[in-house]
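The values are calculated or read from the model by the stated rules, or taken from the named source; none is laboratory data. As the structure is a computational prediction, the values presented were derived from the model and not from experiment. Ideal geometry is used to build each Cβ from the backbone, glycine not excepted, and the neighbour counts take in all protein chains shown. We work out accessible area using only protein heavy atoms, side chains counted, and drop any ligands, DNA or RNA first. Shrake-Rupley method; radii C 1.70, N 1.55, O 1.52, S 1.80 Å.
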Amino acid sequence: MSSGIFSLTLATALGSGLVGGMFFAFSTFVMPALGALPASQGIAAMQSINVKVINAWFMTAFLGTAGTSVAAIVVTTVNWGSAYAPYLLAGAGLYLVGVIGVTMLANVPRNDALAAAEPTASRSADQWRRYLIEWTNWNTVRTIAPLVAAALEIGALHVA
Amino acid sequence: MSLDHTTHPAPPAARQRVSTNVLIGVGVVLTGLLAGLYYGFAVSVMPALHRSSDRTMVEAMWEINRVIQNPVFFLSFAGAPIASLWLLIRARRGGSTPYLRWIAVGFALNALGLLITIAFNIPLNNTLDKAGDPARVSNLAAARDNFENPWIAWNIVRTIVTTAAFCCLARVAFLRPRSPR
């Protein structure tokens, strides 16, 4: 494994680990805590989270890892005979499907719907209860996927 | 050596090596999980709560600190330092190896992250907790001022320290020779 591929694999593993750990925090205690607040406050806090998450620090890990995953897939197709290729390909593919795909198809549409909700309206409380269950379930999927991806990429480093 | 020998179970050294690999993998992933958890607070939860009212900020942190006292969080919180300490003890027993220093630094950084949590973040959580049920706290702004900025600062420090630990332990996975087949 060249130092370039080593750096790419390490960066992908690190980004996957950070993103997975962040979503882990949401599934295990941020969402249960917001769910324990009065609905209007919980909705307002989550709306604020969804606005503030669009920042350079988060996007660097979230989209940067998507970029390194695509690069990693290109690298594995070029170096298909190497021992690390299957691990790296599986990890990178898992991030793209399990994090980027799930976020775009499951979490973002629910965020968009929540953004339109008026926190104090009674109708919003029902929407918030559904959001807490559905968004969090999909969030758990995009927690497990990048953590498994990170493990596969560490495996790639080891067999290289 | 007779052919018959190959049908016997693997010698102890080979069997241990496999479980050391699993230990490294678990240690790296738990360290990444913990770094990401702190990172999530640094880049998402705290910036969002910073915009919120004193009441929402204090109540949300109060609820988070209540929920956090569960076995799943304890595992993620203590798992990374424990796994890296276990690795260090095992590697030291095995004598000097090129990757021993990376395990040692990885453990030291994980331990430092744990110490920061114990010395700074948990006392700040406890102070917030002692202020009592946010619904009945008279001075929410003061409770927030005492908590928010120092907690955010120490959380950023432990995010960086734990991320560095991840890189050291990932380096171990790379340097460690492959198991014989």
Packing-based order for A:64-75, B:29-40, A:19-30, using average beta carbon neighbours within 10 Å, highest first: B:29-40, A:19-30, A:64-75
Cα radius of gyration and Dmax for chain A (Å): 17.9, 60
Global size of the protein assembly as shown as Cα Rg and Dmax, reported in angstrom: 21.9, 82
Assigned charges on the beta-carbon of Lys, Arg, Asp, Glu; chain B dipole about Cα centre (debye): 880
Space enclosed by the convex hull of the alpha-carbon atoms of the range B:61-116, per residue, Å³: 72
Helix B:100-116 axis, angle to chain B major axis (alpha carbon atoms, nearest 10°): 20
For chain B, the spread of Cα positions along each principal axis, largest first, Å: 82, 26, 24
Chain B, relative contact order in percent, only Cα pairs under 8 angstrom and at least six apart counted: 39
Heavy-atom SASA rank of B:50, A:158 (probe 1.4 Å, accessible area, largest first): B:50, A:158
Theoretical ellipticity at 222 nm over chain B - DSSP helices of four or more residues, -39500 (n - 2.57) apiece, nearest 500: -25500 deg cm²/dmol
Principal-axis tilt of helix B:54-67 within chain B, Cα atoms, nearest 10 degrees: 30
Other protein chain Cβ atoms within 10 Å, averaged over every residue that makes up B:45-57: 5
³J(HN,Hα) computed for each position of the range A:96-112 - Karplus, 6.51 cos²θ - 1.76 cosθ + 1.60, integer Hz, glycine/proline x: 5, 7, x, 10, 5, x, 5, 4, 5, 8, 10, 7, 4, x, 5, 5, 4
0 to 90° range, to nearest 10: angle between helix A:85-95 axis and chain A longest Cα axis: 10
Nearest-10 value in Å² for the accessible area of residue A:122, using the 1.4 Å probe: 100
Length-normalised contact order of the range A:1-126 in % [C-alpha pairs under 8 Å, at least 6 apart]: 33
If the convex hull is drawn through the Cα atoms of the range B:31-128, its volume per residue in Å³: 96
Euclidean distance of C-alpha centroids, the range B:146-181 and the range B:58-105, integer Å: 10
Stretchable slack from residue A:80 to residue A:106, in nm (0.36 nm times residue separation minus alpha-carbon distance): 6.1 nm
Kirkwood-type radius of the range A:1-53, with distances r between different C-alpha atoms, in Å: 13.2
Amide N of the range A:46-90 lying under 19 Å from the label point, which is placed 7 angstrom from the Cα of residue B:50 along Cα→Cβ: A:46-62
Projected label distance in nm at residue B:22 and residue B:119, using a 7 Å step from Cα toward the beta-carbon: 3.6
